[in-house]
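Chemist: Structure below; questions to follow.
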Amino acid sequence: MALYLVQHGKSLPKDQDPDQGLSEKGKAETEMIAQTARDKGITVSQIRHSVKTRARQTAEILARSLSPNQGVQEISGIKPMDDVAEAAVGLDPSENIMLVGHLPFMERMTAFLVTGSIDKPIFKFQNSGIVSLDKDPDTQFWVIVWALLPKIG
């Protein structure tokens, strides 16, 4: 089982779309990542996303490919500058949850779960990318298991 962290797809500039929905490239990259995840057998029970349009649209694209049995849900507490320690309380990898949010939150959450601190970034997210974390059953420490990113290099 796992916890999947996703940075939303590339969005439109605010002057083109005040809500900053996904750009065509953002939609295409998210669809490619979603299909690859499905083809690799990735399953999620629920996809949770922030209140921002680009996160919701990213979650909806992922859900079309991954078909979470508990659906898609908007949640608070995962906006760019929200407190990762507060959001981490109660995260359980056995739930197989995917969180779709923003930077710097996703990078801080990853660092916090793995190191206990947000001060040392340990992974560089990409738009539409998925980072899979799990808790080691012996040590109870979170570890990065794999990442699926639109660009390599």
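Chemist: Would segment 21-37 turn up any residue that is within 17 Å of the chain's Cα centre (by Cα), small (G, A, S), surrounded by 13 or more Cβ atoms within 10 Å (Cβ to Cβ) and under 20 Å from L133 (Cα atoms)?
Modeler: Of all residues in segment 21-37, those within 17 Å of the chain's Cα centre (by Cα) come to 21-22, 26-37.
Subsequent filtering for residues that are small (G, A, S) retains 21, 26, 28, 34, 37.
This time we only want the ones that are surrounded by 13 or more Cβ atoms within 10 Å (Cβ to Cβ), so: 21, 26, 28, 34, 37.
Filter once more, keeping what is under 20 Å from L133 (Cα atoms): 34, 37.
Within segment 21-37 (the criterion being within 17 Å of the chain's Cα centre (by Cα), small (G, A, S), surrounded by 13 or more Cβ atoms within 10 Å (Cβ to Cβ) and under 20 Å from L133 (Cα atoms)), the answer is yes, since at least one residue qualifies.
Chemist: Within segment 51-99, how many residues are without any contact (Cβ under 8 Å) to a residue 60 or more places away in the chain, buried (at least 20 other Cβ atoms within 10 Å of the Cβ) and of a type in the set (S, T, N, Q)?
Modeler: Final tally of qualifying residues: 1.
Chemist: Related question: Assess whether V6 counts as being assigned to a loop (DSSP other than H, G, I, E, B), at pLDDT 95 or above and either touching an Asp or Glu at 6+ places or on another chain (Cβ under 7 Å) or crowded, with 20+ Cβ neighbours inside 10 Å (or both).
Modeler: On the way: assigned to a loop (DSSP other than H, G, I, E, B): no; at pLDDT 95 or above: yes; either touching an Asp or Glu at 6+ places or on another chain (Cβ under 7 Å) or crowded, with 20+ Cβ neighbours inside 10 Å (or both): yes.
No, not satisfied.
Chemist: Of all residues in segment 115-153, which are over 28 Å from R54 (Cβ atoms) and not polar (S, T, N, Q)?
Modeler: G116, K135, D136, P137, D138, F141, V143
Chemist: If you don't mind, another one. If you take the residues in segment 100-153 that are of a type in the set (V, I, T) and without any contact (Cβ under 8 Å) to a residue 40 or more places away in the chain, which one is surrounded by the fewest Cβ atoms within 10 Å (Cβ to Cβ)?
Modeler: Out of the qualifying residues, it is I152.
Chemist: Identify the residue in segment 10-59 that is in a loop (DSSP other than H, G, I, E, B) and among the β-branched types (V, I, T) and, among all such residues, is nearest to V72 (Cα to Cα). Walk me through how you get there before you give the answer.
Modeler: First pass over segment 10-59, keeping only residues in a loop (DSSP other than H, G, I, E, B): 10, 12-21, 23, 40-45, 50-52.
Retained after the next criterion (residues that are among the β-branched types (V, I, T)): 42-44, 51.
Numbers: I42: 16, T43: 13, V44: 10, V51: 12 Å.
It comes out as V44.
The values are calculated or read from the model by the stated rules, or taken from the named source; none is laboratory data. In this text the structure is predicted, and so the values were computed from the model without any measurement. Backbone-built Cβ (ideal geometry, glycine too); neighbour counts: all protein chains shown.
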